[in-house]
Structures are given as structure tokens and as C-alpha cells.
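Here's the structure we're looking at; comments come further down.
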Amino acid sequence: MWREYARRHRTAISVVGTILTIAALTYALAGKRQEFVDALRGVQASVLAATVLLQIVALLSRSEAWHLTIESAGGTVARRVLFRASSMQVLGSVINGNLGVAMRIGALRRSSPDVAPQVPTLIAAEFPILAVEASLAALASFTLIAPLGIPWWAPVIAIALLALVSAGLRHLAVNTERELWKGLTVLRTSNHGSRVVCFVLVAVFAQIFRNWMLLHAVGVPASFFDAIAVLIALVTLGQLPVGPAAGAAAAVLILGRDGVAAAAAAGVLMTVTGTIGGLLFVSWAAADGIWIRITDRASARSAAHGAAPPPSPGDSPRRRGRRAGRSR
């Protein structure tokens, strides 16, 4: 019953959660407004530009990992088409991380229904990437012991559970009869599997370095492990209906002891630079889509005059099939 209610009122719940989170942060920052402003003003433009670039690197690396899992599952979607669909997650994640995944999968199915796997397969194709990310988080969860006061044995249990989940996924990857488990095929191919791990590692470490740079830029004496803890908290809070306030909340939760104002400023900059990087990715996707449509029209006009043009770079097999049908 609650799940159905949450699905129907997802946006309203997210708005309420965001307001409550911002209210809690405002209360924590009471009397520290000037410290917060000074921390923001002290950040150099070059640092902001570098962190935006790191966010774009993370988005591109994770998109390439997704491309590999779909390719292993039998999808023949062109990389540029898939990257354009991947950009839709940026928009959906503003409300909720799960909504972003749903928008990405929906965009891919709409743009390439003939060459993209079925929705169950696309959902399962997320699991190998999530498993790598969760395994990294479990291995680094000891960084949460000091800031959150969790018991020392909690990370050990988390690592053991993730090992069991990973073993279960590898077992299910052998089953190719159901559409759902076809998305796990990448786990049976050592070449693609290792490349998925590498691209996920690039995406994760880009995010860690982004956090570390911003924390130091506002004056928080954060270690590399602190930056990892902030990322784990950020991803965890991102699954809750807290909206754009997740960055500031995560930074304050982990490093508020070193100064609430500076930690909140770093969290705000994480959200801002992450959003800018995401919007640049979305802008590229929109511009690329427009360019493809323009080349499609030009190709159709050429075909109408009896000349069969070569396929445009990054074009999908579906579009090429449509043009061939028009030329006949």
C-alpha cells in the first residue's frame, strides 16, 4: 500500500523531503551565515571548472559501463544513441535516483526499440554496475566508523553480504532463458566484465576526487577517506526523497564536526558542480540528437534523388533501416 502511494505521489514526497532537509540544514547553520558565505567565496574558479570536468568524466565512464552490459546482453545500440539516452538520468535524478534510472531505460527503449534489449533485460543490466559500486562502498564502509559511530563489525557484515550477492548474480548469469537474467551476461564474459569494473572505478574515483577538491577548497581538512565517506553518504541519501539537498546533508553528516558552515558549503558546491556537469552532458545529447535529425533529413532528400548516402556517424540501425525503406 505504501509502495503504491509513494509511486503515485513521488514528486510530492520528494518536494516535502527536500523542504524538510533544507529546513534541518538551515537550523544547523543558524548563526553561521557569514562563515557559510565566506567558505563559498574562497573557492577558486579553476577548482570549480575541474570538478565539473570530473563530473562529466564520471557520467561518461558510467555510461560506457552501461553500454558494455547492454552489448553483452545482445543489444546493438550505437554508442552515441545510448549515451543520449543515458543523459536522461541526469534530469530524473534531480527528483530521485531511481527515477533517473527509469527515465534512462525508457529513453533508450523509445529511441531504439528494434535494437535495444527488452525492459527486464535493461533493468538486469544495471545489476553488474550496481554490484561493483556496492562492493566498493562496502570495502570503504570502514570510513563511516568514526563520523557516524557505527560498530566495527558492520563493514565486515556488509562485505560478506555483498560477496554473497555477487556470487548469486554470477549464478543467475548462467540462466539465459529468461529476459531478465540476460542483462547479467556481462558477468560471464571476462573481457567485458573487467572493462565494466574499470569504467565504474574511473567513475567512482572521479567523484571521490571531486569531493576531496571541494572540501579542501572551502577549508575543510578532509582526508581522502573522508571524501569516500561523503560519497557513500551522498549516494545513500540520494535514494531518499531529499532532492538537491542531498549533497549538503551528506557533507554535514560526515564532516559537520569540522565546521558545519564549511561542510555545508562544500556540499552545496558538490550539488552545483554536479548539476552543471550533468546539464552539459544533457546539452551535448540534445545537440547531438538535433544533428542526427538534420543528417536524417539530408539523407532522405539524397535518397529521394536516387543516391543512397552512407550512414551518419553514431546513427542507429533502426534509423538506417527506415531510410533504406524510404529509398525503396
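What follows is calculated from the coordinates using simple rules that are stated; it is not laboratory data. Treat the numbers as computed from the prediction; the structure is a model and nothing was measured. Cβ atoms come from the backbone with ideal geometry, glycine included; neighbour counts cover every protein chain shown.
Here the Karplus curve 6.51 cos²θ - 1.76 cosθ + 1.60, taken at θ = phi - 60°, turns the phi angles of the range 196-203 into couplings of 4, 4, 4, 5, 5, 4, 4, 4 Hz, with x standing for Gly and Pro. Specify which residue in the list A217, C198, A251 is farthest towards the positive end of the charge dipole of the range 160-289, using unit charges on the beta carbon of Lys, Arg (+1) and Asp, Glu (-1), about the Cα centre. Of the candidates, C198 comes out farthest on the positive side. Using 0.36 nm per residue and subtracting the Cα-Cα separation, the extra length available between V165 and A300 on full extension is 43.6 nm. Between L201 and I157, the contour length at 0.36 nm per residue exceeds the Cα-Cα span by 13.6 nm. Between the helical axis of 260-304 and the dominant principal axis of the chain, each derived from Cα atoms, what acute angle in degrees is found, rounded to the nearest 10? The angle comes out near 10 degrees. Karplus-derived 3J(HN,Hα) values for the range 103-113, using 6.51 cos²θ - 1.76 cosθ + 1.60 with θ = phi - 60°, are 5, 5, 5, x, 5, 5, 5, 6, 7, 9, x Hz; glycine and proline are entered as x. Rounded to the nearest Hz, the phi-derived 3J(HN,Hα) couplings of the range 15-26 under the Karplus curve 6.51 cos²θ - 1.76 cosθ + 1.60 (θ = phi - 60°) are 4, 4, x, 5, 4, 5, 5, 5, 4, 5, 5, 4, where x marks glycine and proline. For V242, the amide hydrogen comes within under 5 Å of no other amide hydrogen, counting only partners 5 or more places away or on other chains and with H modelled in the peptide plane.
Helical runs (DSSP H, four residues minimum) scored at -39500 (n - 2.57) apiece and divided by the length of the chain put the mean residue ellipticity at 222 nm at -25000 deg cm²/dmol. Residues H67, H305 in ascending order of nearby Cβ atoms (within 10 Å, fewest first): H305, H67. Under a model in which nothing but the beta-carbon of Lys, Arg (+1) and Asp, Glu (-1) is charged, the chain shows a dipole of about 1440 debye around its Cα centre.
Taking only Cα atoms, what is the 0 to 90° angle, nearest 10, from helix 45-72's long axis to the longest principal axis of the chain? Its long axis makes an angle of about 50 degrees.
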